[in-house]
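Bear in mind these aren't lab numbers, they're just calculated from the coordinates by the rules spelled out. Everything numeric in this text was worked out from a predicted model, so none of it was measured. Note that we place each Cβ from the backbone using ideal geometry, even for glycine, and neighbour counts take in every protein chain shown.
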Amino acid sequence: AQSVTQLDSHVSVSEGTPVLLRCNYSSSYSPSLFWYVQHPNKGLQLLLKYTSAATLVKGINGFEAEFKKSETSFHLTKPSAHMSDAAEYFCALYSGGGADGLTFGKGTHLIIQP
Amino acid sequence: ETGVTQTPRHLVMGMTNKKSLKCEQHLGHNAMYWYKQSAKKPLELMFVYSLEERVENNSVPSRFSPECPNSSHLFLHLHTLQPEDSALYLCASSHSGGAVETQYFGPGTRLLVL
């Protein structure tokens, strides 16, 4: 069985401060991991993905994530938050085994304080 | 138009109605997906089509009936729905049936069942 746990349903940071959104996973296979962002009334947009290459993955808009197998984690970070980063963020997992869809976490709502 | 489009964007229907959701992708992909996004729950994969053949059906009730007439179009036919089926229905597409390929999402159809 596979699962994704996003440890915080809401995260609030001040503009210009670092962002950390946490994601842990469980998978029977070597996973591929994704972070998506969803702005209000919009579809999901891919921020970055890990597919067994470099463990530190850089994405769009200054986001990056580090795959840590020993901790089964794939946390998303950004050095300096911007007001436009306010959105819902989803961590997702693909581990093969015959299933072609993604397994998603419940999402983390990121709030940026001015 | 570019990307993945979905119509209608909003839909209100009674439990005895029949309606259809439409998804169209303009990305040259050959795999398409339906996901359900409910409040406080992770995105749930409903159906996967690869090369117009259904390859995944995650135990979705028969009141949801997908149709994929070609690689660019995907429909979700709805009949005798229940109020708990109210949700955001997201369509996605990718280059192949493998989810390691990036999935591109449409904006969704927000469905309310009365």
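For Cα pairs less than 8 Å apart in space and 6+ apart in sequence, what is the mean separation divided by the residue count of the stretch A:33-114, i.e. the relative contact order in percent?
RCO, the stretch A:33-114: 27 percent.
Beyond 19 Å, what share of the Cα-Cα pairs of chain A remains, rounded to the nearest whole percent?
More than 19 Å apart: 41 percent of the Cα pairs in chain A.
What's the Cα-based Rg to Rh of chain B, Rh via Kirkwood?
Here Rg/Rh amounts to 0.94.
Could you name the lysines in cross-link range of residue A:49, using Cα to Cα under 17 Å and dropping any fewer than eight places away on the same chain?
A:58, A:68, A:69, A:78
Just to be sure I understand: with springs between alpha-carbon atoms less than 10 Å apart, which residue in A:49, A:69, A:58 has the highest mean-square fluctuation in the Gaussian network model of chain A?
Most flexible of the set in this elastic network: A:69.
What is the fewest-to-most order of A:64, B:101 by other Cβ atoms lying within 10 Å of their Cβ?
With the sparsest Cβ surroundings first, the list reads A:64, B:101.
Compute the convex hull volume of the Cα atoms of the protein assembly as shown, divide it by the residue count, and report the result per residue in Å³ as a whole number.
123
Please state the relative contact order of chain B as a whole percent: Cα pairs under 8 Å, 6+ residues apart?
RCO, chain B: 37 percent.
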